[in-house]
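FYI, it's all coordinate maths here, none of it is from the lab. Here the structure is a predicted model, which is why all the values come from computation and not from measurement. All Cβ positions, even for glycine, are placed from backbone atoms using ideal geometry, and neighbour counts span all protein chains on display.
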Protein chains: 4
Amino acid sequence: MSHVILSESQIDEGLSALPGWSYRAPNIEAKYEFANFRDAIAFIVQVAIQAEVMNHHPEFHNSWNKVSFSFCTHDVGNKITDTDIALAKHIDETAARFLSLKPKA
Amino acid sequence: MSHVILSESQIDEGLSALPGWSYRAPNIEAKYEFANFRDAIAFIVQVAIQAEVMNHHPEFHNSWNKVSFSFCTHDVGNKITDTDIALAKHIDETAARFLSLKPKA
Amino acid sequence: MSHVILSESQIDEGLSALPGWSYRAPNIEAKYEFANFRDAIAFIVQVAIQAEVMNHHPEFHNSWNKVSFSFCTHDVGNKITDTDIALAKHIDETAARFLSLKPKA
Amino acid sequence: MSHVILSESQIDEGLSALPGWSYRAPNIEAKYEFANFRDAIAFIVQVAIQAEVMNHHPEFHNSWNKVSFSFCTHDVGNKITDTDIALAKHIDETAARFLSLKPKA
């Protein structure tokens, strides 16, 4: 897969439709909160499937009902690319499939 | 865990609050349908967690977006017990957590 | 993805390197047995990832430590194709990654 | 579940049989490395099942083939308890079930 490196304004534009995602160089980041641990794990499994389909793997952290992400594209020297934005968009859509997703603070 | 074997009328009563579940001796059965394969897999992972928590494991079958169950309690000679009804209830509540669950035909 | 329909002798040849797999028209079939339920579930999650990567989804059945498969290619009228053999090969390699896989009877 | 708070020497003793685990107050920590992402995810699913069975949930972080843990017992004021050691032991045994587990550096 080829990656298109994004400028800072392109990153901002890409994340504008993704509330809760932000750019903290070199990564884009977000945190999702569910009603309980099991929904968080089911969500992680779904994200893992997408990661393999895209062959692009987000770093993530789980703390009971919370799952946080932080990633960039290593192959192009830790820059944010269109692939990162596409993955963030997919993660956000997947989270929204869960009834128990809590709104962003 | 001790199991209480149920009479046929107790089985009917236990399943009365679980539309889509039915008794076909020696098992109780149901089928759930989701919007896609990934939700079906996420659901299976959640059911698997509950199965280990209860130490009671339902047989299940997956066909893309569909997951069907069929089980009884082997330890008491393949009878339906209160444990089976409790597991069916939990499976039903878990399925209802998914936005993409399709209504029973 | 395009699928190549296989003749019966090509199916036999494809399965020859996959002990435990057999052709029972219209499906190819196999059963894997692990030491316990958790390994069976972990295996199912891995197979599910591959199914989405290939966009080819095997029907499977779980009974505690056993996972059985049965599938063909629906898109070409329920024939066995090269895609089915490729998926069977991948399932077999995945099962072999588990220390607790039991040898075929 | 009741938890027994451990002294620092009891923590050391508890971790002595768990190479790779260490105490960095207030948490105990370890990192496991597998051959690939899929094995890491399968491992996470198994740990998640155990977490629910014990009702004790480790914080964990995934980075492709690596899974790292860091946890203590919140209910007793972020101390290390016998429950933490029991969970660490179970995580270690689960990791060892994977053929692809890499030895600790």
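Rounded, prolate or oblate: which fits the stretch C:13-66 when a ≥ b ≥ c are the square roots of the eigenvalues of the alpha-carbon gyration tensor, with rounded for a/c under 1.5 and prolate only if a/b beats b/c?
The shape class here is oblate.
Could you derive backbone 3J(HN,Hα) for the stretch D:19-24 from the dihedral phi with the Karplus parameters 6.51, -1.76 and 1.60 (θ = phi - 60°), listing whole Hz in sequence and x where the residue is Gly or Pro?
x, x, 8, 9, 9, 10
When Lys and Arg each count +1 and Asp and Glu each count -1, what net charge do the other residues less than 13 Å away from B:ALA17, Cβ to Cβ, add up to?
-3
Measuring label to label, 7 Å along Cα→Cβ, what does B:LYS66 give against each other copy in nm, shortest first?
2.2, 4.2, 4.5
Go through the stretch A:64-69 residue by residue and turn each phi into a ³J(HN,Hα) via Karplus (6.51, -1.76, 1.60, θ = phi - 60°); whole Hz please, and just put x for glycine and proline.
For the stretch A:64-69, the Karplus curve yields 6, 8, 10, 10, 10, 10 Hz.
Gap in Å between the Cα centre of the stretch B:1-35 and the Cα centre of the stretch A:35-105?
Distance between centres, Cα-based: 36 Å.
At B:SER22, with labels set 7 Å past Cα in the Cβ direction, how many nm apart are the copies from this one, shortest first?
For B:SER22, the other copies' label points sit at 3.2, 5.5, 6.2 nm, shortest first.
What is the sum of charges, Lys and Arg at +1 and Asp and Glu at -1, for the other residues whose Cβ falls under 15 Å from the Cβ of D:VAL45?
Taking every other residue near D:VAL45 into account, the sum is 0.
GNM, chain C, Cα, under 10 Å: largest mean-square fluctuation among C:ALA51, C:ALA40, C:ALA17?
C:ALA17
Based solely on C-alpha atoms, express the radius of gyration and the Dmax of the protein assembly as shown in angstrom.
22.7, 69
Could you name the lysines in cross-link range of C:LYS89, using Cα to Cα under 28 Å and dropping any fewer than eight places away on the same chain?
Excluding near neighbours in sequence, the set is B:LYS66, C:LYS31, C:LYS66, C:LYS79, C:LYS102, C:LYS104, D:LYS66, D:LYS102.
Using helices alone, I'd like the mean residue ellipticity at 222 nm for the protein assembly as shown: each DSSP H run of four-plus residues gives -39500 (n - 2.57), total over residue count, nearest 500.
So the helix-based figure for the protein assembly as shown works out to -12500 deg cm²/dmol.
With θ taken as phi - 60° and the coefficients 6.51, -1.76 and 1.60, list the Karplus ³J(HN,Hα) couplings across the stretch D:33-40 in order, rounded to whole Hz; mark glycine and proline as x.
Rounded to whole hertz, the list is 10, 10, 5, 7, 5, 5, 5, 4.
Looking down the axis that turns A into B, which residue of A has the closest beta carbon, and how many Å out?
A:ALA42, 2
Under a Cβ-Cβ cut-off of 11 Å, what is the net charge of the residues other than B:PRO58 that fall near it, where Lys and Arg count +1 and Asp and Glu count -1?
Combined, the nearby Lys, Arg, Asp and Glu give -3.
What is the gain in length, in nm to one decimal, between A:GLU8 and A:SER22 on full extension, counting 0.36 nm per residue of separation less the C-alpha to C-alpha distance?
Residue separation times 0.36 nm, minus the Cα-Cα distance, leaves 3.9 nm.
For chain C, just run the numbers: alpha carbon Rg, then divide by 2.2 N^0.38 Å, N being how many residues it has.
Rg over 2.2 N^0.38 Å, computed on Cα atoms: 1.03.
Taking chain B as a Gaussian network, where each spring joins two C-alpha atoms under 10 Å apart, which residue of B:ILE80, B:ILE41, B:ILE91 fluctuates the most?
Answer for the Gaussian network model of chain B: B:ILE41.
Using only atoms on other chains, find how many Cβ atoms lie within 10 Å of each Cβ of peptide B:91-98 and report the average.
Mean partner-chain Cβ count within 10 Å for B:91-98: 2.
To the nearest 20 debye, what charge dipole does the stretch A:8-95 have about its Cα centre, counting +1 at the Cβ of each Lys and Arg and -1 at the Cβ of each Asp and Glu?
Roughly 300 debye for the stretch A:8-95.
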